[in-house]
Amino acid sequence: FYHRYVKIFKIVILDLIMLFGWGKKKSEKQEPEMAPQKEQILRSDVPNVIDEIQSIRTKTIIAETKTFKNKIKPRCETILHIAIDLERDTLNVDDIDIHLKRLVERGKKEVISIIKRESIVQLPEINSYDDVKIFNATSSKMLKKIGDALGRQSNVIHIFAKKYAGKLKGDLKIMTDGNDEITRIITNHTELETKTENILEIISDIQQSRKLIDNLGDQEKQDNKTIDELVAKIEHAKGEIKNIKNSSEYTEFLHINEKLDSLSTEKNKIKDEIEHQFTKISRPLNKYVYVSSLDKPQKKLLVNLIANPYNELVDSNKRDILQILESTRKGVQSGSVSVKDTDKSLLQIDEILSLIPGFSEKISVFNRSKSDIESKLLGFNNDQLRQKESALSMHKNDKSSLESKISSIEKELKDTTEIIPKFVKSVESILNEISAVQYVIRTE
């Protein structure tokens, strides 16, 4: 207890020296400044240190203000007595100009009235810092009114009441200087409150940063654990896909697909052959569309035959196609379907008529072969492979997203970790501004 009492006493003395500038010598020769007391504290101690500093400063301000109040009261009584003496003094103005006399008497009356009224103002009791501010406002208002009155009537007082001027001016200056000191102390205390609020805000930022670091660390651990799980899932999915693709069923599936691909080449060959032959009679057929008396289904078949003969040369259409071609031939022969070379067109139509059965058979054979191969594909269940490949893709995407997230977490962790020492330095700096003790914050 004794050591703590001594410590607090030293802090009070050092703070008083900082606050009021006591102990400075008037001579130019200055003694070496006393090295500041150093003390190491924990971050958690900072609020208590602030409370202690504020408590000491508040008590000091209250004590100083009480002292000033005790000094100002007799000064008020003194200037009141001066005002009463001034009131009784005729100032020997009877022999001066009547107009000037009125000005002097009016000025004298104003000064006496304001001093009497203001010097008896009841000053509040001082038991708290709020009382100090109320007292300062009251005393400042009182002194300003007296000062303003003396300022307005300065010529009257200095010329006609010279013996009172010096006393009033001297007492008023002493009170004003003391009150200005109280005002300065209040201003300093306001700055102290602002700085302590800044400290507490920074302490809160440090606490939030510590909490964020813990949360980010936990999140990073969880995400890394999830990535490890995803890596295992990816390897498992790859293994299952590999097993499926190494199976005899999948080999057969690939073989069947190769056959389907080869059928596409065969189909294109048949299609090109058919389209080449029908191109030869495209003019007669296009002409016949407009002059024919075909019914609606046959006319539609003719239009489709011109556009894509391969798709229309199926067994169900063969009879109608032959009938359409025969009718077209008759139209060319009769002249109702105009062509440049009738004999050539008739020859080409006859050629197509002879080829239709063969084309139809080729298409039928091709479609049967394709159906047989496709029916074999139905026996292979490819859903399992698609599901495994879809799951593998999803796991890879999730892993990539988590890796990107961890990268962001690591950057945020780095930035947050680096900012904490800067926060601590700011707290130390502000603490050392408001206290004579040089505090160093230790890592907890």
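The values are calculated or read from the model by the stated rules, or taken from the named source; none is laboratory data. Just so you know, these numbers come straight off a predicted model, no measurement behind them. No Cβ is skipped: glycine too gets one built from the backbone with ideal geometry, and neighbour counts run over all protein chains shown. For accessibility, only protein heavy atoms count, side chains too; no ligands or nucleic acids. Shrake-Rupley method; radii C 1.70, N 1.55, O 1.52, S 1.80 Å.
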Asn381 passes all but one of the listed conditions (1) open to solvent by 70 Å² or more (accessible area, probe 1.4 Å); (2) among the polar types (S, T, N, Q); (3) at pLDDT below 85; (4) in a helix (DSSP H, G or I); the exception is number (4)
Quick check on region 91-100. Is at least one of its residues open to solvent by less than 80 Å² (accessible area, probe 1.4 Å), within 21 Å of Lys162 (Cβ to Cβ) and either part of a helix (DSSP H, G or I) or touching a Cys at 6+ places or on another chain (Cβ under 7 Å) (or both)? yes
For region 38-61, pairs from a residue that is in contact (Cβ under 8 Å) with a residue 12 or more places away in the chain and closer than 11 Å to Ile199 by Cβ to a residue that is surrounded by 18 or more Cβ atoms within 10 Å (Cβ to Cβ) and not β-branched (Val, Ile, Thr), with Cβ under 6 Å and 6 or more apart or across chains, are Ile53/Ser435
Scanning region 107-148 residue by residue, the ones that are in a loop (DSSP other than H, G, I, E, B) and either of a type in the set (Ser, Thr, Tyr) or in contact with a Ser or Thr (Cβ under 7 Å, 6 or more places away or on another chain) (or both) total 5
Would you confirm whether or not region 386-401 contains a residue that is aliphatic (A, V, I, L, M), surrounded by 12 or more Cβ atoms within 10 Å (Cβ to Cβ), within 33 Å of the chain's Cα centre (by Cα) and not in a strand (DSSP E or B)? yes
Residue pairs qualifying under the 6 Å Cβ cut-off, at least six apart or on distinct chains, with the first in region 256-278 being under 29 Å from Leu377 (Cα atoms) and the second being open to solvent by 60 Å² or more (accessible area, probe 1.4 Å) and of a type in the set (Ser, Thr, Tyr), are none
How many residues are in contact (Cβ under 8 Å) with a residue 24 or more places away in the chain and either open to solvent by 60 Å² or more (accessible area, probe 1.4 Å) or farther than 15 Å from Asn317 by Cβ (or both) if we restrict to region 356-366? 3
What pairs come out if I take residues in region 170-187 that are under 15 Å from Ile126 (Cβ atoms) and pair them with residues that are open to solvent by 70 Å² or more (accessible area, probe 1.4 Å) whose C-beta lies under 9 Å away, six or more apart or interchain? Gly178/Lys71; Gly178/Arg75; Ile186/Lys133
Taking region 230-266 and keeping residues closer than 18 Å to Tyr310 by Cα and in contact with a Lys or Arg (Cβ under 8 Å, 6 or more places away or on another chain) leaves Leu263
